[in-house]
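> Got a structure for you, questions after.
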Amino acid sequence: MKKALITGITGQDGSYLAEFLLSKGYEVYGMRRRTSTPNFQNVELIKDQIQWISGDLTDLPSMIEAVREADPDEVYNLAAQSYVAASWPQPSLTTQVTALGVNNILEAVRIVKPNARFYQASSSEMFGKVLETPQRETTPFYPRSPYGVSKVYGHWITVNYRESFNMYACSGILFNHESPRRGHEFVTRKVTDAVARIKLGLQSELRMGNLDAKRDWGFAGDYVKAMWLMLQQDTPDDYVISTGEMHTVRELVDIAFSQVDLDYQDYVVLDPKFVRPAEVDLLLGDCTKAKQQLGWETEVSFEQLVKMMVEEDLRRVQAEIAYNNIYHGHTEKQLTKPVPL
Ligand code: NDP
Ligand code: GDP
């Protein structure tokens, strides 16, 4: 039985990857950091099948111990401060986790289990102010945020460990990928959650930033398969993973509101608070290499993705309303809203 160690297992991608690896018969070790309140929403259904290890990417001794305990065949480094907008107010934390943390886990693997295969979660944010469209593996990087800069470090240190120590280390340059498990602050989830709340009478408006930004959005469940495929090849390499389709934030908002027969223009309010100090105007990936060498394909379209997320948020908000009515006697209007970020 193969063993895999996943950092960031409580996040969106980590939970999908864990499910995928369990379905393939892997023994899955999940590294998670200590939290004061339980943080298992994404892995609730599989948490008893995971071997849990406590650790933090910024703490080298705990990473060494995690690799020692799991003794993994494959290591997937998905942990990060992953939200671009938070990386300006918290640049030092972002650097510690998203950049230097990669060095910690690579170093732990090099010391304890140098023949384990290693996956690094690189990002299309590294292309930033894009120097070529579509972006491919050879497109130069021009990051636009402390997050993007940190991911460039993580990417190159992974390449460097591969070249210096002959480690099987890969970087997946993944374009935006979403799901009903996406964090609430990211634009897709913020929109689909708001659509559900507006439809159910809990919210009256949606405050947004730049509606003209363009992204190449795919489904997270499809993208974790590419991570696994990268570690099953004869030689390690780096791959762009994307849909090759680009949409504006405005289109996203339009499609999401249309799902519940509402017109977004009646609800969306532009708020400078959500405009970023430096924007990534467009991202569009060319994943020809992944298609040809890994045989990877995306299966969920943009429209299907938005529909899936709206439906799931409608179900969840309805369930929350029912729960609060029964257990707390709240009226629907008294339900708490997420704090805007
Ligand atoms: P999430 O934000 O959903 O998950 C991040 C995970 O990292 C969480 O499990 C979080 O734990 C964990 N984490 C954060 N800080 C630390 C730390 N110091 N030590 C240990 N664990 C930590 O991200 P996604 O699942 O969306 O993304 C996975 C990876 O892929 C990230 O590296 C992200 O930057 C990258 N990526 C994502 C893209 C996307 O579109 N989703 C695109 C390209 C790259 P906790 O639950 O405790 O907060
Ligand atoms: P990112 O591509 O990793 O930064 O993913 P996000 O989902 O956070 O943002 C995608 C795009 O949506 C960016 O260009 C943002 O500027 C834009 N955007 C516009 N309004 C908002 C908003 O209210 N919240 C977020 N998160 N992004 C917004």
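The values are calculated or read from the model by the stated rules, or taken from the named source; none is laboratory data. Predicted, not measured: the structure shown is a model, and the values here were computed from it. Reconstructed Cβ throughout: ideal geometry from the backbone, glycine too, with neighbour counts over all protein chains shown. Just so you know, the surface numbers come from the protein's heavy atoms only, side chains and all, with ligands and any DNA or RNA stripped out. Shrake-Rupley method; radii C 1.70, N 1.55, O 1.52, S 1.80 Å.
> Could you tell me which numbered condition VAL130 fails, if it satisfies all but one of (1) open to solvent by 10 Å² or more (accessible area, probe 1.4 Å); (2) farther than 23 Å from ASP216 by Cβ?
For VAL130, the exception is condition (2).
> Here's something else I'd like to know. Starting from residues that are more than 16 Å from ligand 1 (Cβ to nearest atom), within 25 Å of the chain's Cα centre (by Cα) and open to solvent by 60 Å² or more (accessible area, probe 1.4 Å), keep the ones in segment 233-271 and report whichever is nearest to TRP88 (Cα to Cα).
ARG250
> Something else: Which condition number in (1) within 16 Å of ligand 2 (Cβ to nearest atom); (2) under 16 Å from the mean Cα position of the chain (by Cα); (3) farther than 18 Å from LEU21 by Cα is the one that LEU78 fails?
(3)
> Scan segment 145-154 and give yes if some residue there is within 15 Å of ligand 1 (Cβ to nearest atom), part of a loop (DSSP other than H, G, I, E, B) and closer than 26 Å to VAL253 by Cβ, otherwise no.
yes
> Moving on. Can you tell me which condition VAL109 does not meet? The list is (1) over 30 Å from MET309 (Cβ atoms); (2) open to solvent by 60 Å² or more (accessible area, probe 1.4 Å), and all the others hold.
(2)
> With the requirement that a residue be more than 11 Å from ligand 1 (Cβ to nearest atom) and open to solvent by 30 Å² or more (accessible area, probe 1.4 Å), what does segment 59-84 give you?
Keep residues of segment 59-84 that are more than 11 Å from ligand 1 (Cβ to nearest atom), which gives 60-61, 64-65, 67-75.
Answer for segment 59-84, where residues must be more than 11 Å from ligand 1 (Cβ to nearest atom) and open to solvent by 30 Å² or more (accessible area, probe 1.4 Å): LEU60, PRO61, ILE64, GLU65, ARG68, GLU69, ASP71, ASP73.
> Quick one: what pairs do we get from segment 303-331, first residue modelled with pLDDT under 95 and assigned to a helix (DSSP H, G or I), second hydrophobic (A, V, I, L, M, F, W, C) and surrounded by 13 or more Cβ atoms within 10 Å (Cβ to Cβ), C-beta under 6 Å, 6+ apart or different chains?
Filtered contacts from segment 303-331: ASN324/LEU335.
> Filter segment 278-293 down to residues that are in contact (Cβ under 8 Å) with a residue 40 or more places away in the chain and out of contact with any Lys or Arg (no Cβ under 9 Å at 6 or more places or on another chain) and give me whichever is farthest from SER122 (Cα to Cα).
Taking segment 278-293 and keeping what is in contact (Cβ under 8 Å) with a residue 40 or more places away in the chain, we get 278-290, 293.
Filter again for out of contact with any Lys or Arg (no Cβ under 9 Å at 6 or more places or on another chain), leaving 290, 293.
Details: ALA290: 15, GLN293: 19 Å.
So the residue we want is GLN293.
> Looking at (1) within 17 Å of the chain's Cα centre (by Cα); (2) free of Cβ contacts under 8 Å to residues at least 60 places away in the same chain, find the lone condition where ILE111 falls short.
Evaluating ILE111 over (1) within 17 Å of the chain's Cα centre (by Cα); (2) free of Cβ contacts under 8 Å to residues at least 60 places away in the same chain leaves (1) as the failure.
> For residues in segment 14-58 being part of a helix (DSSP H, G or I) and away from ligand 1 (no atom under 14 Å from the Cβ), which is surrounded by the most Cβ atoms within 10 Å (Cβ to Cβ)? Write out each step before concluding.
Filtering segment 14-58 for residues part of a helix (DSSP H, G or I) gives 14-23, 41-43, 47-49.
Imposing the further condition that a residue be away from ligand 1 (no atom under 14 Å from the Cβ) reduces the set to 21-23, 48-49.
Details: LEU21: 21, LEU22: 15, SER23: 8, ASP48: 7, GLN49: 13.
Here the residue is LEU21.
> For GLU137, are the conditions met, namely being open to solvent by 20 Å² or more (accessible area, probe 1.4 Å), among the charged types (D, E, K, R) and in contact with a Lys or Arg (Cβ under 7 Å, 6 or more places away or on another chain)?
Yes; evaluated as a whole, the condition is true for this residue.
> Additional query: Using beta carbons and a limit of 8 Å, which pairs, at least six apart or on different chains, have the first residue in segment 115-139 and within 30 Å of LYS2 (Cβ to Cβ) and the second one assigned to a loop (DSSP other than H, G, I, E, B) and modelled with pLDDT under 95?
Taking only residues 6 or more apart or on different chains, not a single pair turns up.
> Here are ALA79, ALA99: which of them is outside any helix (DSSP H, G or I) and within 26 Å of VAL67 (Cα to Cα)?
ALA79
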